[in-house]
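Take a look at the structure below.
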Amino acid sequence: MMQRSEVYINGNWVSTSGKGKIDVINPATEELIGSVPVGDANDVNDAVAAARAAFPSWSQSTVEERQGYLNALSASIAERTDEIAELISSEVGTPINYSKMAMVGTPRVVSRSYAKLLDTFVWETEVRNSLIVKEPIGVVGMITPWNFPLHQIIGKVAPALAAGCTMVLKPSKEAPLNAFILADIMDDIGIPAGVFNLVSGHGREIGDSLASHPEVDMVSFTGSTSAGVSVSQAAAPTVKRVTLELGGKSANVILDDADIAKAAKMAVYSCFNNSGQECSSLSRLLVPVNHRDEVVDTIKNTMSRYSVGNPMDESIRCGPMVSERQQKSVSGYISSGIAEGATLVAGGEGMPEGLDNGYFVKPTVFADVTPDMTIFREEIFGPVLTITTYETEEEAITLANDSEYGLSGGVWSSNEDRAMGVARALRTGQVSINGGPFNISAPFGGYKLSGNGRELGVYGLDEFLEVKSIQR
Ligand code: NAD
């Protein structure tokens, strides 16, 4: 049980002026595992004032100092890998092996990558009679979701530190405890007071206070499209920079010259990672009509061995949904797929066999899904894969782009030029060819309703910088 009653402001743990606490529930057991305090607008004011006061000195810190802190942050995350992975698995329900790799390993590597990137980052360039200089944007408000909680946080905190920005973080209500461990780490490694501040609380209240605050120069938001729109609206009167990393409904296109069996098998994993609760999950599989049966048979076979259960059991692939609300929402989509006439290939309604508590759903696959069906159009954010057939490559591209989102995508082909042509035609911020792995130095972000920001690597650092031209 991890009960935290204070927030981290100006290098100190302090009581909130808000009232009450937020309980954190283990979604696999429905047990209470901890709580965090409810902060309010006064706490945001204090945290922003601390970040503002720390900015002049931190923005002038040397690159070597920032590299030292980023490397120390990475080393501290590494030292606490097992503890943080177990905590995040208890908060989110992520299977423990995946938790160690993605929930802790990625933030560890991303922190270190920003220290390394500063070795070669170009802060100043000359254009004719002008010197162009990049400067930290100032105080950043950060609002993050629960699904990859520490990864989403470090995707903002590490480049902001590297840029010379100061910050106020508001973590999600569902998985806030890892953010408190991060604040402990920041304190241990001696980050100067006010550079990093943490205020937990309710999304709308803290989010609105941060977004509308005149002393916040930028809001970096990751979460649902609807909350991202609210944040943008609240931020507009102060004309601050708003970067949004939002939802997705990404397509995975199997072309007719692909290794069909391999592509079909991998399609299960690229949809069901983190129990399908992944913004870039490839949840719409598009297959050539004459390979439909082969794909369906392969997936049925893969699903028969796809284990669901206790995320602490190393053999388990799929854990619970993060909350009862999420379980109800995903179950509703499974029912709608059945009601709207899609063919059930695996899974379906109700709890998985042998489980009678926890917020589980059955990992589910539907075939013969048409573009007018709800499960083709809406982000489900759970382990539900849809299979849709197409006749021509052109139709496949049209179907892939037939979404208000544009976050990610996949293409499978034995001809790299052909795959590259399809990848270029997809209106999305990321595309993976033949299962090409995630790259922590490549920009991550969306087109359309999936957002307007780019995180990770040099592009992720640029988000936290202003550009000034000095003419001589
Ligand atoms: P959410 O929008 O409910 O919450 C995200 C954060 O915003 C939380 O901290 C929440 O407390 C806060 N919040 C909620 N309402 C707010 C409001 N009106 N104003 C300000 N802040 C508010 O999203 P979630 O359920 O935590 O996460 C799931 C969503 O996030 C999915 O849509 C997923 O696709 C998206 N996501 C996107 C990315 C990406 O990089 N593009 C990554 C992860 C998750």
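Every number here is computed from the coordinates shown, using simple stated rules; none is lab data. The model shown is predicted, which means the values in this text are computed figures rather than measured ones. Virtual Cβ from ideal backbone geometry, glycine too; neighbours counted across all protein chains shown.
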Margin query: Along the Cα→Cβ direction, 7 angstrom out, place labels at ASN71 and ASN401. What is the inter-label distance in nm?
Written below: 4.7 nm
Check: Loop-only check: which chymotrypsin sites (Phe, Trp or Tyr not before Pro) in region 215-295 are DSSP coil with at most 13 other Cβ within 10 angstrom?
Finding: none
Item checked: Gyration tensor (Cα) of region 356-407, equivalent ellipsoid semi-axes in angstrom -> 26, 13, 8
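With a ≥ b ≥ c the root eigenvalues of the C-alpha gyration tensor of region 151-222, is it rounded (a/c under 1.5), prolate (a/b larger than b/c) or oblate?
Details: a/c = 1.67, a/b = 1.17, b/c = 1.43.
In terms of gyration-tensor shape, oblate.
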Next item on the list: Out of all DSSP beta bridges with both ends in the chain, state the antiparallel percent to the nearest 5.
Entry: 45 percent
Checklist line | Ordering of 256-262, 84-90 by packing [mean C-beta count within 10 Å, highest first] | finding: 84-90, 256-262
Note to self: As an exercise, use a Förster radius of 25 Å and the Cβ-Cβ distance of GLU135 and ALA442 to find the FRET efficiency, rounded to the nearest 0.05.
What the structure shows: 0.50
Note to self: Among the listed pairs LYS116/LYS265; LYS240/LYS448; LYS156/LYS328, which have their C-alpha atoms separated by more than 28 angstrom in this model?
What the structure shows: LYS116/LYS265; LYS156/LYS328
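Where does each of TRP146, TRP123, TRP412 land when they are ranked from fewest to most other beta-carbon atoms within 10 angstrom?
Details: TRP146 21, TRP123 11, TRP412 26.
By the 10 Å Cβ count, ascending, the order reads TRP123, TRP146, TRP412.
Of all DSSP beta bridges located in region 251-439, what percent are antiparallel, nearest 5? The partial results should precede the final answer.
Details: 3 of 21 bridges.
Antiparallel bridges: around 15 percent, rounded to the nearest 5.
Classify region 1-94 as rounded, prolate or oblate, taking a ≥ b ≥ c as the square roots of the eigenvalues of its Cα gyration tensor: rounded when a/c is under 1.5, otherwise prolate if a/b is larger than b/c and oblate if not.
Numbers: a/c = 3.48, a/b = 1.29, b/c = 2.71.
Here region 1-94 falls in the oblate category.
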Check: Which percent of the Cα-Cα distances in the chain go past 33 Å?
Finding: 37 percent
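Please work out the Cα convex hull volume for region 140-299 and give it in Å³ per residue. Intermediate results must be reported in sequence, preceding the final value.
Values: hull volume 23.1 nm³, N = 160.
Cα convex hull per residue, to the nearest whole number: 144 Å³.
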Check: Can you work out the base-10 log of I(q)/I(0) for region 251-439 at q = 0.12, 0.13 1/Å, using the Debye formula on its C-alpha atoms alone?
Finding: -0.52, -0.62
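Can you pull the percent of Cα pairs in region 335-472 with separation above 21 Å?
Values: 5426 of 9453 pairs.
The share of Cα pairs beyond 21 Å in region 335-472 comes to 57 percent.
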Check: For the pair GLU83 and ASN290, how long in nm is the line joining their label points, each one 7 Å along Cα→Cβ?
Finding: 6.0 nm
Checklist line | Dipole-positive endmost among SER280, SER335, THR428 within region 251-439 (Cβ charges, Cα centre) | finding: SER280
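Mind checking the dipole of region 16-86: about its Cα centre, +1 per Lys or Arg Cβ, -1 per Asp or Glu Cβ, Debye to the nearest 20? Display every interim value, and only then the final one.
Numbers: 5 positive and 12 negative charges, 82 e Å.
Computed charge dipole of region 16-86: roughly 400 debye.
Order these peptides, 53-59, 151-157, by their mean beta-carbon neighbour count within 10 angstrom, highest first. Spell out each step's value before the answer.
Numbers: 53-59: 17.4, 151-157: 25.3.
Sorting 53-59, 151-157 by mean packing, highest first, produces 151-157, 53-59.
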